[in-house]
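> One structure follows; several queries about it will come next.
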Amino acid sequence: MPGATGTNGDNEVVHDFSPLLLVYKSGRLERPLIMPFDLPGHDAATGVESKDVPLSPSTFVRLYLPAEATSSGDDDGKKKKAATKLPVVVYFHGGGFVMGSAGSCVYHRFVNDLVAASPAVAVSVDYRLAPEHMLPAAYEDSLAALKWVLSATDTWLATHGDLARVFLVGDSAGGNICHHLAMHPDVKQGAGAGLKGIVLIHPWFWGKEPIGGEQEHRRPRANRAEAEGRGRKKHLWEFVCPGAVDGVNGPRMNPTAPGAPGLESLACEKAMVCVAKGDHLRWRGKAYADAVARAKKGGAPTPASVAAVARAELLADTAVAAFVKGGGQPAAVEMLESEGVGHVFFLLDPEMEEAKELLGRIAAFVSAR
């Protein structure tokens, strides 16, 4: 994906969302954080095979098949492997809805690794980006891709995918998409009958009122004039979703806001939320995990409970799982908090121990019956 579009020489910035996006008065767009595009094919490190399938003139999906589904052996071995259906991971990349691709090198690497570790069949979704295509375009493309997956029209999915064990997985804005899809009427009313779980990695949620330690990450009033002078006049969410009701307090960006649809309506059996200690979004992730846990138990989050969770850091690692366990039943919500790292660290350094732990925990969540 190119880092800039437009040819006008005007250099006046009207919207500064660096390092993700700069919008110039001329209409020129610049995406400073360019991620190289990797082609699909055989991955020597994992043995995973991948291919691209176009869904529309502007979108595609990248399918992944683990070595277990493609390895050769004797006839009996082949028959056994052919009869074994694997869970299906539908992955949604992050990037603030303005950058990234299913073919970006960091996502290609991560999905290859996740497919091999689970093992699972995976479909990584490429959706239209803002500002060329403002929201709800990304949501619409993601829903269309999920419906395509569930139709099993591709032979890899039909032969190797267990459509009764479908997992939606995404990071940052992709985590936001996972939540949106799990709450969508089309998914709840039949299309998502096989939706087993969702995995939100450092999900992009926000709100008007700060919770936990968010205040230190918000611009003081005295600095807002300077920020506006540099072109940062609005929150990125309000830019990519200009029709959002109530701005960052709308239910898509703040699913725990008063008046947001109840999370007991999530069209999945279980959820996993991953947060990072050095990520300013972690308080929202924790509040979301707590709200889902309460909903699964028949309770409802309140503004006080959301604030208490964020303030007291109550949901360290597996505390959410313990909260919803009872009578020997499996947890409806799991949570992992990675220490000493920041937002989407696992994409930047997949060899670090914290990244390996995150990959292993997600793979275990997906592969568990």
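> Being farther than 24 Å from Gly94 by Cα and either modelled with pLDDT of 95 or more or part of a helix (DSSP H, G or I) (or both) is true for just one of Arg311, Arg284, Arg361. Which residue is that? Explain how you work it out, then say what you get.
Values: Arg284 fails: farther than 24 Å from Gly94 by Cα; Arg361 fails: farther than 24 Å from Gly94 by Cα.
From the options Arg311, Arg284, Arg361, the qualifying one is Arg311.
> Which one of these is open to solvent by 10 Å² or more (accessible area, probe 1.4 Å) and more than 25 Å from Gly247 (Cα to Cα): Ala102, Ala145, Ala193, Ala122?
Being open to solvent by 10 Å² or more (accessible area, probe 1.4 Å) and more than 25 Å from Gly247 (Cα to Cα) holds for just one of Ala102, Ala145, Ala193, Ala122, which is Ala193.
> Which condition breaks for Pro87 when tested against (1) assigned to a strand (DSSP E or B); (2) modelled with pLDDT under 95?
If we test Pro87 against (1) assigned to a strand (DSSP E or B); (2) modelled with pLDDT under 95, just (2) comes out false.
> What number of residues within region 125-134 satisfy the criterion of being surrounded by fewer than 24 Cβ atoms within 10 Å (Cβ to Cβ) and either over 24 Å from Ser50 (Cβ atoms) or β-branched (Val, Ile, Thr) (or both)?
5
> Still on this structure: Checking the condition out of contact with any helix residue (DSSP H, G or I) (no Cβ under 8 Å at 6 or more places or on another chain) and either of a type in the set (Phe, Trp, Tyr) or under 13 Å from Phe97 (Cα atoms) (or both), which residue from Ser151, Ser172 passes?
Ser172
> What number of residues within region 217-249 satisfy the criterion of being modelled with pLDDT of 95 or more and assigned to a loop (DSSP other than H, G, I, E, B)?
1
> What number of residues within region 33-51 satisfy the criterion of being open to solvent by less than 60 Å² (accessible area, probe 1.4 Å) and in contact with a strand residue (DSSP E or B) (Cβ under 8 Å, 6 or more places away or on another chain)?
9
> Got a number for residues in region 329-369 being of a type in the set (A, V, I, L, M) and open to solvent by 60 Å² or more (accessible area, probe 1.4 Å)?
Qualifying residue count, region 329-369: 1.
> Here are some residues: Ala332, Ala355. Which one is modelled with pLDDT under 95 and under 20 Å from the mean Cα position of the chain (by Cα)?
The conditions single out Ala332.
The values are calculated or read from the model by the stated rules, or taken from the named source; none is laboratory data. As the structure is a computational prediction, the values presented were derived from the model and not from experiment. When we count neighbours, we look across all protein chains shown, and the Cβ atoms used for this are built from the backbone with ideal geometry, even at glycine. Accessible surface areas use protein heavy atoms only, side chains included; no ligands, DNA or RNA. Shrake-Rupley method; radii C 1.70, N 1.55, O 1.52, S 1.80 Å.
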